[in-house]
Amino acid sequence: MFRVNADRGWAKYPPAVDTGAALQTAYPGALPLVEPGDNASVTTSATNNGRAPAMTVKSELTGPAGWEARPESPNNTASLRTGESLNTKWLVKVPASAKPGLYVLTVRTTFRSDAEPRFDLEVRVPPPAPRTNAYVSDLTWLSSDNGWGPVERDTSNGEADAGDGNPMTINGVTFAKGIGAHAPSNIEFYVGGRCTSLAANVGVDDEEGADGSVGFEVWANGAKIADSGVMTNAMPAKPISADITGAMVVRLVVNDGGNGITSDHGDWADLRVTCA
């Protein structure tokens, strides 16, 4: 048994201020992406979860060298009582010279105390979006994960090691370009609103005999926009296409077809995007 009692000396404890930050994204759940030379909107928060009031509260947002952060709403207040928050909107200027990679924006909250709560917000500068028609296997991806070994470029999935795939072959037809995956698989790549369509021929690779069954899905800006349905080794490659106009990020999903992942080698053959 545990007995819980209120601490009669609660008033001697300092304020418990929690600090956070969030980047405004194009859709809920989106990756925190920022482009070189663009402005980003960040909201910081400082919340007093203690019993004593926090006095003379101020939030500051800083970034790497060359990044600028300017408050667009008040970033200080005389006090925060229990449960109150100081929320500040910031305009963050991303330098045009920023290279693809992860960057950290740090928010610090000061108040009349020795404590200085800090929160690090990771944002990512993505690889450049394609500006002409392109095969997705030739692009730099944001992320990829795979049910067996790594995702392979322009070959089948093969086995667990990188680079061990074979020519992609679906129902006897071989394809030179595309992506070899194994369910469950997810691939995300950045198109930055510059592409209008995606197309591929999908199916189960012949290297896995007659046991595989998978489904292929295309997601854009967090919503599913194309679905192949369940496919097996006995089926020829199936064309799949999607309108990705206005999409910032495209995600490719290979699922297990509802019966487990045994032999589920799925090929995105001739996978390409139309961009300008």
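The values are calculated or read from the model by the stated rules, or taken from the named source; none is laboratory data. The structure displayed is predicted, hence computed values, not measured ones. Here Cβ is always computed from backbone atoms with ideal geometry, including for glycine, and neighbour counts include all displayed protein chains. The protein model used for the area step is the full one, side chains on, heavy atoms only, and it has no ligands, DNA or RNA in it. Shrake-Rupley method; radii C 1.70, N 1.55, O 1.52, S 1.80 Å.
Please enumerate the residues belonging to segment 92-107 that are among the charged types (D, E, K, R) and either on the phi > 0 side of the Ramachandran plot or assigned to a strand (DSSP E or B) (or both).
Hit for segment 92-107 is 93, nothing else.
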Residue tally, condition open to solvent by 30 Å² or more (accessible area, probe 1.4 Å) and either of a type in the set (Ser, Thr, Tyr) or touching a residue at least 40 places away in the same chain (Cβ under 8 Å) (or both), over segment 224-236: 4
Checking the conditions here, which among 146, 166 is open to solvent by less than 50 Å² (accessible area, probe 1.4 Å) and more than 27 Å from residue 276 (Cβ to Cβ)? 146
Selection status of residue 147, among the small types (Gly, Ala, Ser), over 23 Å from the mean Cα position of the chain (by Cα) and under 29 Å from residue 191 (Cα atoms): no
Cβ-Cβ below 6 Å, separation at least six or inter-chain, first residue in segment 82-100 and in contact (Cβ under 8 Å) with a residue 12 or more places away in the chain and over 30 Å from residue 51 (Cβ atoms), second in a strand (DSSP E or B) and among the β-branched types (Val, Ile, Thr): which pairs? 92/42; 98/125; 100/125
Considering every residue within segment 251-266, establish whether at least one is open to solvent by less than 50 Å² (accessible area, probe 1.4 Å), touching a residue at least 12 places away in the same chain (Cβ under 8 Å) and among the hydroxyl-bearing types (Ser, Thr, Tyr). yes
Segment 77-101 - residue that is basic (Lys, Arg) and within 16 Å of residue 23 (Cα to Cα) and, of those, most open to solvent (accessible area, probe 1.4 Å): 89
I'd like to check which strands (runs of 3 or more DSSP E) are fully inside segment 108-224 and have at least 2 residues that are at pLDDT 95 or above and aromatic (Phe, Trp, Tyr). 185-190, 213-220
Inspect all residues belonging to segment 111-123 and state whether any of them is polar (S, T, N, Q) and open to solvent by 60 Å² or more (accessible area, probe 1.4 Å). no
